[in-house]
Amino acid sequence: MSPNAAFFAAGGFVATLFLGGAAYAVTDTIFKYSTPKTGYYSLSPNAFGGDGFGNYGDHIIGWPDYLGTSAGGCFTTGVNLPQGAKLTALAAWTSSDAATGVRIHLHRVNLATGHSDEIVLLQSKDTTQTRTTNTFKIPASATATVDNQRFDYGVAVCLASANSRYLGGRITYSYDNAGD
């Protein structure tokens, strides 16, 4: 059989299988995108709990969606990001009457040693008690690539006063594969 005839015969066989409704599994284990994609991880006020250090008054989750306290204090939540993702930005929506009213810490903890690295510290600066967006671009560094084998990740939100509010946040990251 000539190479052309074999090619057309194989093509006809494949077309017959697809038109016949047969299902086939893809068996490749590496799914790389040709250009990186952007992902977002939301940090809802509803996800945070008290950090257990000191007296921070009442833990208030208000309607619609804000985190507050009657006396100031810090609250934490875990963050589950895709393996190998590159962290690119941290954004937070806040309101406060103090220049240091809301601080947001993105950190990672080494599972073997317990050592904590701060990846980003974002601090509100607006004192008008209006909804303000604060964004920090994360530089490409060793701590900007997610390594779930060696680290766990979390965010802490610290409120300076009863008039400080955390209204929501978002971690932006890029990735180049379809999964861990």
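Only one of these conditions is not met by Leu81: (1) part of a loop (DSSP other than H, G, I, E, B); (2) more than 16 Å from Ser44 (Cα to Cα); (3) out of contact with any Ser or Thr (no Cβ under 7 Å at 6 or more places or on another chain). Which number is it?
Condition (2) is where Leu81 drops out.
One line per residue, one yes/no per condition, for (1) within 16 Å of the chain's Cα centre (by Cα); (2) exposed (fewer than 13 other Cβ atoms within 10 Å of the Cβ); (3) within 30 Å of Gly84 (Cα to Cα); (4) not polar (S, T, N, Q):
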{"position": "His105", "(1), (2), (3), (4)": "yes, no, yes, yes"}
{"position": "Arg108", "(1), (2), (3), (4)": "yes, no, yes, yes"}
{"position": "Val120", "(1), (2), (3), (4)": "yes, no, yes, yes"}
{"position": "Ser124", "(1), (2), (3), (4)": "no, no, yes, no"}
{"position": "Asn148", "(1), (2), (3), (4)": "yes, no, yes, no"}
{"position": "Ala160", "(1), (2), (3), (4)": "no, no, no, yes"}
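Can you tell me how many residues within the stretch 104-150 are aliphatic (A, V, I, L, M), in a loop (DSSP other than H, G, I, E, B) and at pLDDT below 90?
1
For the stretch 66-83, give me each residue that is in contact with an Asp or Glu (Cβ under 8 Å, 6 or more places away or on another chain) and closer than 30 Å to Lys37 by Cα.
Those that are in contact with an Asp or Glu (Cβ under 8 Å, 6 or more places away or on another chain) and closer than 30 Å to Lys37 by Cα: Thr76, Gly78, Pro82, Gln83.
Under 6 Å between Cβ atoms, at least 6 apart or on separate chains: pull out the pairs that start in the stretch 117-128 with a residue that is farther than 18 Å from Cys74 by Cα and end on any residue that is in a strand (DSSP E or B) and among the β-branched types (Val, Ile, Thr).
Listed pairs, sorted by first residue: Asp126/Thr132.
Determine whether Lys125 is over 20 Å from Ser174 (Cα atoms) and of a type in the set (Lys, Arg).
Details: over 20 Å from Ser174 (Cα atoms): yes; of a type in the set (Lys, Arg): yes.
Taking the combined requirement at face value, the residue satisfies it.
The values are calculated or read from the model by the stated rules, or taken from the named source; none is laboratory data. Computed from a predicted model, the values in this text were never measured in an experiment. Note that we place each Cβ from the backbone using ideal geometry, even for glycine, and neighbour counts take in every protein chain shown.
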